[in-house]
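Here is the structure we will look at, set down as structure tokens.
Just so it is clear, none of the values below were taken in a lab; they were calculated from the coordinates. Bear in mind the structure is a predicted one, so any value in this text is a computation, not a measurement. Methodologically, a virtual Cβ is constructed for each residue, glycine included, from the backbone with ideal geometry; neighbour enumeration extends over all protein chains shown.
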Amino acid sequence: MTKFASIIERFLNGLVRFRSLAIIIVLVSILFFGYFLSKIYVENDTFKAIPPNLKAQIDYTNLKKEFPAPYNILFLAEFKAGTLKEKIDSLNSWASAFAAIEGISVVSGLNSLQIPIKGGFFGVSSDYLVNKNKEFDEDLIRQRIRENHDFAKIFISDDESTFGMILGIKSDGDRNAIVGEVLKILERINRNPYIKSYMTSEGATSFFITRVMTRDFSILLPVCFLIVFLLLYRIFRKLLYVSVALVVNVVALVWTFGIMGMLNVTFTVVTSVIPVILFPIGVAGAIHILKSYTQHKSSCGSTLKALGLAYRDQLKPCFLAAATTFAGFASFVFSEISWIRVFGIFTGIAVMFAFVFNIVLIPLFISFEKGEKTSVPPTKDELKLDKFWGVFSRFALESKGWMVLIPVLLILFYFGFRMVRVESNPILLLPKNNMLRLSDDFISRHFGGTRFFSVVLENNGKKLTEIEQWKEIGEITNYIEKQDGVGNVASVLPLLSRISMMLTGDSIARPAVTLLTAKSNMFGKSYSSLVSGFLSEERQKTRLNVICRSDEQTKALLIAENIEKYIRENHKNWSVLVSGPAILNESMSTVLIETQVSSLISTIIPVFLCLILFFRSMRLGTFTIIPIILATATIYATMGVIGATINMVTVVIMNTCIGIGIDYAIHFASAFIYQYKSIGDRAEALRVTIKNKGTPILFNTLVVGIGFLVLIFSSFPPIRDFGILVFLSMVISAGFSMLFLSLLLLNFGIGKSVSVRKEML
């Protein structure tokens, strides 16, 4: 008996001897980590995932310091019928309902909008556009809207069919709770067949992602559990084996999420896929061990002896498979995106937990089984598979038909790689029929868009009290408005122009500039709020909010670069800061690409080193990883062909493909080595390996692949893409591992340095 076999024997005997104690320890650990699991906090604010050292993030932080502003909710209502008075009365009623929500600080709309009018000590005063204390006069209201169109247009469309309100959220308010209450009001409004309401907000994305994620989590996990259960029962036809394979994953999940709860790690849309990833992976290890156990038990009869032989054969390959999978996910520790970093760390931890609990729990469950010899006759399907593997081996080893794959792959690579796009807009994580996406589409069509960024202008530190300064600001504004993709530019200029026309008849007049830049509340609260949003406290900086269309062709970063270039070349005495949510989101595209590249490199290198150490052969390590690299490249190209984008979720696909797909190559190469050492003929050893390992690899592929395919039922488009692509990657990785490894091993051998004992299999 070898030292390794002796260690296994002592471990199994000790585990069975203290079975009751081991079971109690496992149960207590489940209760312990289960308690902390309940403490997990869900957080899907995508802005918190952005690296703090990213230039766009630093600029945005500086912007918010200069122009502090609360989170706002934009509410819109589209009327299909009704008079202007009826519509405004409805707005007043909704405004009261919104104002009653705890956490809403202010509700702004036509009902609260103040406009400049002639009169007063300075020649201009203010009045409510819709004065509640006066008789409702439709003609007067329409006239006032026309005269103040530039800063009233956000609250009413030109055809008077759509009205808007801005809901200001208190800084200490619970944004998710507030959005939820606002949504309830919208649902009541939408019961009226003649009214359709919409909403959007910088913070609303988090609410909707969390809500959809909760729904997905409650449905997908049970579905995944059921499908894996059915597949396992089909494979083993014994409830005991199925139970242990599933329990292993449940315990691993409870431990993983319990640790997340202990460490106050937030649960996000990215980490929500960990259970669906873990179940197939954990089960794959159990399949190898249990299949080996049943084979040995049919001949030796002793439970512990059969387990010992199974562990001797499978422990090291299963450990290598777990280690390489861990490396695939743990590589994300270098990602600058916190969500992806957390996903990688804890998925890797979960994989290793699954390996450990496979080793510990399988003997505990199996020890309850009687030790008689059992022989399970092959099913009709298994007999058909034997014939199939015979055909496959002839195709791989004797036919040149496989060569047709080369031009097909080359064509796929060429066109696919060119078509892959990066998408960092968080709203596109949501389903197309989601309220927020529908609102985004509506606002983009009718109000210029929802994506925005700010342009902050400063004139050599001077106060903006001169006419020429504001004329230059007007020129810059005109340039921005003419840019492709820009729907609107919001600033204090329309107010300045309106006051100037009243006082002097000019578009920009000194008295108006003096009144606007004065630090006073002479025009009322709404003016003060408007001015503070666009003029700094010292009156040295002004802010232009650039609203962009929400389509794929519109690139906020490109628009921002053009603006900065224009100002540098044509207004050299002005400094400019360009920042905002749209810039942040698009800047994430660069980070996602860097994450993709760095994580692939940091995955392939350690996996390759593990293979070399395990096989003790540079040649065999290279041969083993080549099929997986080809499979990963194929999946990457497939993303381009089917239109799947690289985003916060799909960026982890390639590492998943390598980390899991390499398992097939490891088990196939390990089995070939043993057969080759026994038979001595490469071709015959490959035929036997394909026949013996083909069906277990197929079973693993089905369990893992179909387990991931459950994600097609997700409401999140990126997660659906993730499920489809990982399923394809499992099928392709398994196929490529058997085909290309056979070709490489047949033609180039394994090298004289390879020395593998049966216990390494």
**Message:** Once R0 is set to 45 Å, what does the formula 1/(1 + (r/R0)^6) return for the Cβ-Cβ distance between Ile411 and Lys565, expressed as a FRET efficiency to the nearest 0.05?
**Reply:** 0.70
**Fill in**
In the chain the DSSP beta bridges are antiparallel at a rate, in percent to nearest 5, of 95
**Segment Ser125-Ser105, extension gain: residue separation times 0.36 nm, minus the distance between their alpha carbons** = 4.6 nm
**Per-residue HN-Hα couplings for the stretch 509-514 [Karplus 6.51, -1.76, 1.60; θ = phi - 60°; Hz; x = Gly/Pro]** = 10, 4, x, 5, 4, 4
**Item:** Stokes-Einstein translational diffusion, the stretch 435-585 - Kirkwood Rh over all Cα pairs, 1.002 mPa s, 20 °C, in µm²/s
**Value:** 132
**Environment charge at Gly82 (Cβ cut-off 10 Å; Lys +1, Arg +1, Asp -1, Glu -1)** = 0
**Prompt:** 222 nm [θ] for the chain, helices only, -39500 (n - 2.57) per DSSP H run of 4+, per residue, to 500?
**Reply:** -22000 deg cm²/dmol
**Request:** Report the dimensions of the stretch 619-710 along its three principal axes from the alpha-carbon atoms, largest first, rounded to Å.
**Result:** 49, 29, 19
**Prompt:** Around Leu113, which amide H atoms from residues at least 5 apart in sequence, or from another chain, sit under 5 Å from its own amide H, with H modelled in the peptide plane?
**Reply:** Leu129, Val130
**Asked** So what is the relative contact order for the chain, in percent, with contacts set as C-alpha pairs under 8 Å and at least six apart?
**Response** 18
**Request:** Take the stretch 261-326, drop everything but the C-alpha atoms, weight them equally and run the Debye formula without solvent; then report log10 I(q)/I(0) at 0.16 Å⁻¹ to two decimals.
**Result:** -0.65
**Prompt:** Reported to two decimal places, what Rg/Rh ratio describes the chain when computed on Cα atoms with Rh from the Kirkwood expression?
**Reply:** 1.10
**Item:** the chain: angle of helix 274-300 to the longest principal axis, Cα-based, in degrees nearest 10
**Value:** 10
**Fill in**
Check: C-alpha center the stretch 569-608 vs C-alpha center the stretch 178-246, spacing in Å is 31
**Request:** Run a plain Debye calculation on the stretch 69-207 (Cα atoms as equal point scatterers, no solvent) and give log10 I(q)/I(0) at q = 0.12, 0.20, 0.21, 0.22 Å⁻¹, rounded to two decimals, same order as the q list.
**Result:** -0.51, -1.22, -1.30, -1.38
**Request:** Work out the FRET efficiency for Asp150 and Arg191 from their Cβ-Cβ distance, taking R0 = 35 Å, and round it to the nearest 0.05.
**Result:** 0.50
**In nm, spacing of pseudo-spin labels at Arg394 and Ile467 (7 Å Cα→C-beta vector)** = 9.5
**Asked** So for the pair Val26, Trp574, with labels modelled 7 Å out along Cα→Cβ, what separation do we get in nm?
**Response** 7.0
**Message:** Taking the Cα centroid of the stretch 425-460 and of the stretch 293-334, what is the distance between the two, rounded to the nearest whole Å?
**Reply:** 51
